[in-house]
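Here, each number is a calculation from the coordinates, and none is a lab measurement. The structure presented is a predicted model; accordingly, all values stated were derived computationally and were not measured. Every residue, glycine among them, receives a Cβ derived from its backbone with ideal geometry; neighbour counts consider all protein chains shown.
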Amino acid sequence: MPGKPVRGRRHLPDAPLLAAATGRTPSHRPVWFMRQAGRSLPEYREIRSGIGMLESCFDPALVCEITMQPVRRHQVDGAILFSDIVVPLKAAGIDLDIVAGRGPVVAEPVRTAADVAALPRLEGDEVGAIARAVDLLLDELGGTPLIGFAGAPFTLASYLVEGGPSRGHERTKALMYSDPQTWHRLAGALADVTITFLKTQLDAGVDAIQLFDSWAGALSLADYREYVLPHSERVFAEIEGAGVPRIHFGVGTAELLGAMGEAGADVVGVDWRTPLDVAQRRVGDGKALQGNLDPAVLFASPDVVEAHARRICAEADAAVASGAAGHIFNLGHGVPPDTDPQVLTDLVQLVHSL
């Protein structure tokens, strides 16, 4: 079970990100960037020098500093907790590491009913370092909301079954199709892990959460509904009582947007492939949208960046006029490592003016 709450929930009625996420009118259009804390910042590369990724994620002071870096530099409207979606798996005792240039690598992949039965459960105190990092951040952030996050059951399962990142997710799909009972037991166990990890962050005081289903776009709509949606629904239902905005995001999910909206989030993140006004028609009324500048645009000239940002804001305004609850500007995926930080700073200023 998660630990006791560290402090009461912050009251941030004027925070533009929270206003946009909950159907209120923000004082300006809010913006933050996935992977805003990371390799695009020289101060991040300096402070992480010689320190492993997972080691960094379990150091509360380091997590606090890295999370704060893009807030100080870019003046974004939200801080996202510096962590990784495999952190709760590592904390629970699964043998894995994050390998530079490749990503999470699992020593012993999970592919049988016996493997699933042997999976450890996550206890809240095993991610106590993350709760302590949240506590430090709430003292530093002032009125800027803190977004906690976790990986969705399907994406976590994909790493465990494949043993690492995969393009085709062949072993994952083969398990789903050939042994649905074992698949649902695995996804259910990982939903438990995700719920515990999110509740720990919520108890510590985060102001919003984002559930990353990074690889759900590998699935058909029918497969998503049968094998994934029930488990993501349970995650969102279990944290509904916290009363904070819940964001749902995946890549390549154009055909899944409606179903992802049904899972229970208040905000649906949209990658760069689908215009926001089109996404609104798929998601339906009453939910905010987040996104969705193509990260590659950040490498173009300033006038091109501005033109694309204005286009996205216009599409977002059309989406809101058609029934979306609000718009949070973001990229359609994470900040690429080679991005010039000044481009992001300038983009924040532009979006705030639109």
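On full extension of the chain, what length is gained from ALA307 through GLU108, given 0.36 nm per residue of separation minus the C-alpha to C-alpha distance? Each step should come with its number before you reach the end.
Working: separation 199, 0.36 × 199 = 71.64 nm, distance 4.75 nm.
Length gained, ALA307 through GLU108: 66.9 nm.
Calculate, in nm to one decimal, what ASP95 and ALA321 gain on full extension: separation in residues at 0.36 nm each, minus their alpha carbon distance.
Details: separation 226, 0.36 × 226 = 81.36 nm, distance 4.85 nm.
Length difference between fully extended and current span is 76.5 nm.
Take each complete run of DSSP H in the chain, measure how far its Cα atoms stretch along the helix's own axis, and keep only those covering 18 Å or more with mean Kyte-Doolittle hydropathy at least 1.0; list them. Display every interim value, and only then the final one.
Working: long enough: 60-74 (22 Å, -0.01); 128-140 (19 Å, 0.78); 180-204 (36 Å, 0.10); 302-322 (30 Å, 0.17); 341-353 (19 Å, 0.55).
Membrane-span-like by this rule: not one helix.
Report the full-extension gain for the segment LEU354 to ARG167: residue separation times 0.36 nm, less the Cα-Cα distance, to one decimal in nm.
Between LEU354 and ARG167, full extension yields 63.6 nm more.
Return the aspartates and glutamates within reach of LYS287: Cα separation strictly under 13 angstrom, same-chain partners fewer than 8 residues apart disregarded; answer none if there are no such residues.
Result set, ordered by chain and number: GLU262, ASP266, ASP277.
How charged is the neighbourhood of ASN292? Take every other residue with its Cβ under 12 Å from the Cβ of ASN292, and add Lys/Arg as +1 and Asp/Glu as -1. If you can, show how the numbers build up before the last one.
On the way: positive: ARG273, ARG311; negative: ASP271, ASP277, ASP294, GLU315.
Residues close to ASN292 contribute a combined charge of -2.
What does the charge count near SER178 come to, summing +1 for each Lys or Arg and -1 for each Asp or Glu among other residues with Cβ under 11 Å from its Cβ? Before the final figure, lay out the partial values.
Working: positive: ARG111, ARG171, LYS173; negative: ASP179.
Result for the neighbourhood of SER178: +2.
When the C-alpha atoms of the chain are aligned to their principal axes, what extent does each axis show, in angstrom, from largest down?
Its Cα atoms span 56, 43, 38 Å along the three principal axes.
Calculate how many DSSP beta bridges within the chain are antiparallel, expressed in % of all such bridges and rounded to the nearest 5.
15
Which residue, VAL228, VAL105, VAL31, has the most motion in a Gaussian network model of the chain that connects Cα atoms within less than 10 Å?
Residue with maximal mean-square fluctuation among VAL228, VAL105, VAL31: VAL105.
On a straight-distance basis, which aspartates and glutamates could pair with LYS199 in a cross-link, Cα separation under 13 angstrom, same-chain partners fewer than 8 positions away excluded?
Counting by Cα, and skipping residues close in sequence, LYS199 has these aspartates and glutamates nearby: GLU123, ASP125, GLU126, ASP207, GLU238, GLU240.
Can you show me the helix-derived [θ] at 222 nm for the chain, built from DSSP H runs with n ≥ 4 at -39,500 (n - 2.57) apiece and divided by the number of residues, rounded to the nearest 500.
Working: 15 runs with 159 residues, N = 354.
About -13500 deg cm²/dmol.
At a temperature of 20 °C and a viscosity of 1.002 mPa s, determine how fast region 85-136 diffuses translationally according to Stokes-Einstein, using the Kirkwood radius over alpha-carbon pairs as Rh; express D in µm²/s, rounded to the nearest whole number. Let's see the in-between values first.
On the way: Rh = 12.5 Å.
Translational diffusion coefficient: 172 µm²/s.
Simple spin-label model, 7 Å along Cα-to-Cβ: GLU140 to SER49 in nm?
With each label point 7 Å from Cα toward Cβ, the separation is 1.9 nm.
Where the centre of each part is set by its Cα atoms, how far does region 68-147 sit from region 35-51, in angstrom?
Taking the Cα centre of each part, region 68-147 and region 35-51 sit 16 Å apart.
Work through the residues other than SER353 whose Cβ is under 13 Å from its Cβ and net out their charges, Lys, Arg +1 and Asp, Glu -1.
Details: positive: ARG29, ARG310; negative: GLU306, ASP346.
Net charge around SER353: 0.
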